[in-house]
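Participant: Okay, handing you the structure first.
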Amino acid sequence: MPSARSIRVRGVVQGVGFRPFVYRLARAHTLAGWVLNGEEGVEIFLEGADTGLDAFVERLKTELPPAASISELEIAQAKPLGLGDFVIRESQRREHPTVRISPDLPVCDACLAELFDPKDRRHRYPYINCTNCGPRYTVILDLPYDRPYTTMKGWPLDRYCDSEYHDPENRRFHAQPVACPACGPKYYLQSKGERCEGKEAIQKSARLLRKGRILAVKGLGGYHLACDARNGDAVVAIRERKYRKEKPFAVMAKDLASVQQLVDLSPDAVELLTSTARPIVLAPAKVELPGVAPDNSELGVMLPYTPLQHLLFEAGAPDLLVMTSANRSSEPIAYEDEDALESLSAIADEFLIGERPIARRVDDSVARAGPFGPTILRRARGYAPAAVTTLPVTRPILAVGADLKNSITLVVDGQAFVSQHIGDLDHYQAFRAFQETIRDLTSMYEVRVEDLTIVHDAHPEYASTKHALGLTSARLISVQHHRAHVASVLAERGEWDKQVLGVSFDGTGFGDDGSIWGGEFFVGSLRAGFERVTHLRGASLPGGDAAAHLPVQAAAGFLAQLEKLPDLTAGPFAFPTRYRQAVELVQKKIRTFGTTSIGRLFDTAAALLGFTREMSFEGQAAMWLEQLARTFRQEIEPYPFPFREQELDFRPLLSAVIDDRAHGRPINQIARAFQRSIAQGIVDAAKKICQQNVLDTVVFSGGVFQNELLLEDVKSFLDEGLLQIWTNHAVPPNDGGISLGQAAMAAFM
Ligand code: ZN
Ligand code: FE
């Protein structure tokens, strides 16, 4: 007696080989019926014996294709229709596409084997891919995910590719970007005036890299600048040409064995490194590569993820390549050929270019295996634009994020799609990318801007805020920055009602009172909202947010509250004259703002320990201090950083730092003790507040929690099992996670 089931699957189930997988599974259990891509996911109808149906469902859950994931599975009893066969039906196009666009995928093992098989049709062809691998988000122009709506639309399939594309038994069944050397895009190496094509281009590129040349190489979501990571001259040359003085470069290593010679990898780090997102993973360096990551004990490493990158290594390129976003310093990554050729002409010696256009700019992601689980520091390729959570809300929401490390979040049918890292909206290019991404996601999901609830930061001067205010929307909501940080963690976990203590530490954010916040403690829940219960003791900040570039300027504000200050312009402190000018601003209360920023407290300590120059990238002084602290590996007493009268008092802490420095204590010991004090302060305050409010869970978010040593110290101070700690795993703890937090808070307003 046959029975039947109607099944609906939501999640990442389109463009990842899901239907052929269903097809093979159905046939294996002699079930009849059909599968199709609906607008709300994949729909399956099955009929046959109960044992077969049960086995099908079991294997559907456990044997998914590598890039697929199921978020919802609905199974209903149905009436058998007496079907004789199982088929894959054509896509249906209905009102609202809420299927998920898959992030880009690294080349799979099966395709790699073909890539290096001389007898294969796609031998050494860099555009090889299948339903289990290859580009997705970076080739999609529109939904549904079908070849005419991708950047491959200009290359009609030849008979060979077409037969694979239409064969349900084939790995390339409905693989939209499928191509072969006969019908697909070409690629070439462009040097001054010369151009060589095909396999020779790759051989020659590898040779040039060995010689120390700088190549612009087109990747999935933009161009990279590549050079031999062991060639100090080449590394220095990239820095000079790019005007990038000190910010670390990422390295691409040939394979896992090469990575292991370079950095210490924990099992968690290996998992991140080899995950389908293939992010840049930060890990402790074992070898020094001159100029690659100055003043940094960590190195960012990734594995090759495109066929072209594998081909370069096979052709004899150096096994460690600097692979950095191709741009002039702080501009977004170049992704259009003409723009790249023009803007990179003074940086790259040669260009390795493939013809397939890139639909949108998507940087490499950056992650780290932290003491409380994986942390994503930059969420882009391999992660975006996947939904990170489902919110209990039906109306569409657009959250425009913060101005630094901007990302946006679009919520459709409750699914929160977080965009790729967009960057610093102060830059014209990034602001344009911000507008494009809003247009992109809203049009792909067919949401009308007028129907949106739009959420922005409370900062009236943010470019994102101004943009939001200029849009015609159904409703406009403002969310305070540090509450959004805390909310992002709870949103990831789907915790709407959990009462927590939220610790939100970062460099800057607009506070309720108009001052610059950044050392905040909140009590509350996503649904009820968050009340600020305590914070870092307030200090003056001459120059406001501009002080973020110059540690001695922040120091002038914080140190103004100390009694008996030595002459800091004399040794060993040797503060430059900018310090005196800043002190004057504080004294006369000119251009001076109030702040509770932990980021600026870190800057002050860094200045006292010798970082008195201007920073060349955001957060540099705090990173420098963390790295310095890491060089002292013994037990050390923290300085006093007392929590009293509802504030964390930095005065005894900074006095102790000044005393020790004046008395010649090694700066790495002082840095270590300072780091431990911050951790101790957090834990003391957390314990008290949790006890007073009967809470068992503490949420950490904000850019300061990218400081891994701080998290390790916090962990060491916590008594086992007393409090549970929640941190970000799906979005960054820095401002890249703000848009998710905004969207989540708006869902309950
Ligand atoms: Zn493949
Ligand atoms: Fe922030």
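Participant: Please find, among L53, L31, L25, L60, the residue that is crowded, with 20+ Cβ neighbours inside 10 Å and touching a Gly at 6+ places or on another chain (Cβ under 7 Å). Don't jump to the end; show me each part of the working.
Facilitator: Details: L53 fails: touching a Gly at 6+ places or on another chain (Cβ under 7 Å); L25 fails: touching a Gly at 6+ places or on another chain (Cβ under 7 Å); L60 fails: touching a Gly at 6+ places or on another chain (Cβ under 7 Å).
Exactly one of L53, L31, L25, L60 is crowded, with 20+ Cβ neighbours inside 10 Å and touching a Gly at 6+ places or on another chain (Cβ under 7 Å), namely L31.
Participant: Which one of the conditions (1) out of contact with any helix residue (DSSP H, G or I) (no Cβ under 6 Å at 6 or more places or on another chain); (2) within 29 Å of D403 (Cβ to Cβ) does A555 fail to meet, given that it meets all the rest?
Facilitator: Answer for A555: the failing condition is (1).
Participant: Then there's this: With the condition being touching a Cys at 6+ places or on another chain (Cβ under 8 Å), assigned by TED's automatic domain parsing to the domain that holds R328 and away from ligand 1 (no atom under 16 Å from the Cβ), I'd like the strands (runs of 3 or more DSSP E) fully within region 378-461 carrying at least 2 qualifying residues. Give the derivation first.
Facilitator: Values: elements: 387-390, 397-399, 409-412, 415-418, 453-457.
Counting at least 2 such residues, we get no strands (runs of 3 or more DSSP E) at all.
Participant: A further question on this structure: Applying the selection to region 32-52, what residues are closer than 20 Å to E90 by Cβ and touching a residue at least 40 places away in the same chain (Cβ under 8 Å)? Before the answer, list the steps.
Facilitator: Step one: list which residues in region 32-52 are closer than 20 Å to E90 by Cβ, which gives 32-46.
Scanning region 32-52 gives A32, G33, W34, V35, L36, N37, G38, E39, E40, G41, F45, L46.
Participant: Another question, if that's okay. Would you pick out the residues in region 278-326 that are among the basic types (K, R) and free of Cβ contacts under 8 Å to residues at least 40 places away in the same chain? Can you show your working first?
Facilitator: Quick first cut of region 278-326, residues among the basic types (K, R) only: 278, 286.
Within region 278-326, just K286 meets the criteria.
Participant: Go through the residues of region 357-380 one by one and say whether even a single one is under 30 Å from T409 (Cα atoms) and over 21 Å from the mean Cα position of the chain (by Cα).
Facilitator: Of all residues in region 357-380, those under 30 Å from T409 (Cα atoms) come to 357-380.
From what is left, the residues that are over 21 Å from the mean Cα position of the chain (by Cα) are 357.
Scanning region 357-380, I find at least one residue that is under 30 Å from T409 (Cα atoms) and over 21 Å from the mean Cα position of the chain (by Cα), so the answer is yes.
Participant: When you check Q742 against the structure, is it within 16 Å of ligand 2 (Cβ to nearest atom) and surrounded by 24 or more Cβ atoms within 10 Å (Cβ to Cβ), yes or no? Steps first, answer last, please.
Facilitator: Details: within 16 Å of ligand 2 (Cβ to nearest atom): yes; surrounded by 24 or more Cβ atoms within 10 Å (Cβ to Cβ): yes.
Spelling it out, Q742 is indeed within 16 Å of ligand 2 (Cβ to nearest atom) and surrounded by 24 or more Cβ atoms within 10 Å (Cβ to Cβ).
Participant: Of everything in region 161-171, what is within 16 Å of ligand 1 (Cβ to nearest atom) and farther than 22 Å from E39 by Cα? Give them in sequence order. Explain how you work it out, then say what you get.
Facilitator: First, the residues of region 161-171 that are within 16 Å of ligand 1 (Cβ to nearest atom): 161, 164-165, 167, 169-171.
Correct list: C161, E164, D167, E169, N170, R171.
Participant: Going by the structure shown, is P126 more than 9 Å from ligand 1 (Cβ to nearest atom) and modelled with pLDDT of 95 or more?
Facilitator: So P126 fits the description; yes.
Participant: S163 versus (1) polar (S, T, N, Q); (2) surrounded by fewer than 20 Cβ atoms within 10 Å (Cβ to Cβ); (3) within 35 Å of the chain's Cα centre (by Cα): which is the lone unmet condition?
Facilitator: With respect to (1) polar (S, T, N, Q); (2) surrounded by fewer than 20 Cβ atoms within 10 Å (Cβ to Cβ); (3) within 35 Å of the chain's Cα centre (by Cα), S163 is out only on (3).
Participant: Can you name every residue in region 15-46 that is modelled with pLDDT of 90 or more and of a type in the set (D, E)?
Facilitator: Within region 15-46, E43 is the sole residue that qualifies.
Participant: Can E520 be described as within 16 Å of ligand 2 (Cβ to nearest atom), at pLDDT 95 or above and part of a strand (DSSP E or B)? Explain how you work it out, then say what you get.
Facilitator: Working: within 16 Å of ligand 2 (Cβ to nearest atom): yes; at pLDDT 95 or above: yes; part of a strand (DSSP E or B): yes.
Yes: the conditions hold for E520.
Participant: Looking at the structure I just gave you, is V704 part of a helix (DSSP H, G or I) and either in contact with a Leu (Cβ under 8 Å, 6 or more places away or on another chain) or within 16 Å of ligand 1 (Cβ to nearest atom) (or both)? Walk me through how you get there before you give the answer.
Facilitator: On the way: part of a helix (DSSP H, G or I): yes; either in contact with a Leu (Cβ under 8 Å, 6 or more places away or on another chain) or within 16 Å of ligand 1 (Cβ to nearest atom) (or both): yes.
So V704 passes the test.
Participant: Could you tell me whether region 665-674 includes any residue that is over 30 Å from R381 (Cβ atoms), in a loop (DSSP other than H, G, I, E, B) and assigned by TED's automatic domain parsing to the domain that holds A556? Walk me through it before giving the result.
Facilitator: Going through region 665-674, the residues over 30 Å from R381 (Cβ atoms) turn out to be 665-674.
From the residues that got through so far, the ones that are in a loop (DSSP other than H, G, I, E, B) too are 665-666.
Okay, now just the ones that are also assigned by TED's automatic domain parsing to the domain that holds A556, so 665-666.
Scanning region 665-674 turns up at least one residue that is over 30 Å from R381 (Cβ atoms), in a loop (DSSP other than H, G, I, E, B) and assigned by TED's automatic domain parsing to the domain that holds A556.
Participant: Moving on to the next point. Tell me, which residue of region 195-244 that is of a type in the set (G, A, S) and farther than 30 Å from G184 by Cβ is surrounded by the fewest Cβ atoms within 10 Å (Cβ to Cβ)? Break it down into steps so the answer makes sense when it comes.
Facilitator: So in region 195-244, the residues of a type in the set (G, A, S) come out as 198, 201, 205-206, 212, 216, 219, 221-222, 226, 229, 232, 234, 237.
Next, from what is left, pick out any that are farther than 30 Å from G184 by Cβ: 212, 229, 232, 234, 237.
Numbers: G212: 17, A229: 27, G232: 14, A234: 22, A237: 18.
Checked region 195-244; the qualifying residue surrounded by the fewest Cβ atoms within 10 Å (Cβ to Cβ) is G232.
Participant: Only one of R672, R651, R665 is closer than 21 Å to P638 by Cα, surrounded by 24 or more Cβ atoms within 10 Å (Cβ to Cβ) and of a type outside the set (S, T, Y). Can you tell me which?
Facilitator: Working: R651 fails: surrounded by 24 or more Cβ atoms within 10 Å (Cβ to Cβ); R665 fails: surrounded by 24 or more Cβ atoms within 10 Å (Cβ to Cβ).
Exactly one of R672, R651, R665 is closer than 21 Å to P638 by Cα, surrounded by 24 or more Cβ atoms within 10 Å (Cβ to Cβ) and of a type outside the set (S, T, Y), namely R672.
Participant: Report, by residue number, each residue of region 106-154 that is among the basic types (K, R) and under 18 Å from Y383 (Cα atoms).
Facilitator: Taking region 106-154 first, the residues among the basic types (K, R) are 119, 121-122, 124, 136, 147, 153.
If the condition is that a residue be among the basic types (K, R) and under 18 Å from Y383 (Cα atoms), then R136 is the only one that fits.
Participant: Among the residues of region 716-734, count how many are touching a helix residue (DSSP H, G or I) at 6+ places or on another chain (Cβ under 7 Å) and either in a loop (DSSP other than H, G, I, E, B) or within 12 Å of ligand 2 (Cβ to nearest atom) (or both).
Facilitator: Qualifying residue count, region 716-734: 9.
Participant: If you don't mind, there's one more thing I want to ask. With (1) among the aromatic types (F, W, Y); (2) more than 16 Å from ligand 2 (Cβ to nearest atom); (3) closer than 27 Å to L410 by Cα as the list, and F674 as the residue in question, which single condition is left unmet?
Facilitator: Answer for F674: the failing condition is (3).
Participant: Go through (1) out of contact with any helix residue (DSSP H, G or I) (no Cβ under 8 Å at 6 or more places or on another chain); (2) at pLDDT 95 or above and name the single condition E492 misses.
Facilitator: (1)
Participant: For region 95-123, give me each residue that is surrounded by 19 or more Cβ atoms within 10 Å (Cβ to Cβ), under 30 Å from G38 (Cβ atoms), within 16 Å of ligand 1 (Cβ to nearest atom) and among the hydrophobic types (A, V, I, L, M, F, W, C).
Facilitator: Within region 95-123, L105, V107, C108, C111 qualify.
Participant: Moving on to the next point. Could you please give the count of residues in region 462-502 that are in a loop (DSSP other than H, G, I, E, B), within 15 Å of ligand 2 (Cβ to nearest atom) and in contact (Cβ under 8 Å) with a residue 40 or more places away in the chain? I'd like the intermediate steps shown before the answer.
Facilitator: From region 462-502, those in a loop (DSSP other than H, G, I, E, B) are 462, 471-474, 480, 494-499; that's our starting set.
Pick out the ones that are also within 15 Å of ligand 2 (Cβ to nearest atom) and you get 462, 480.
Within this subset, residues satisfying the condition of being in contact (Cβ under 8 Å) with a residue 40 or more places away in the chain are 462.
Of the residues in region 462-502, 1 are in a loop (DSSP other than H, G, I, E, B), within 15 Å of ligand 2 (Cβ to nearest atom) and in contact (Cβ under 8 Å) with a residue 40 or more places away in the chain.
The values are calculated or read from the model by the stated rules, or taken from the named source; none is laboratory data. In this text the structure is predicted, and so the values were computed from the model without any measurement. Neighbour counts are summed over all protein chains in view; Cβ atoms, including those assigned to glycine, are modelled from backbone coordinates with ideal geometry.
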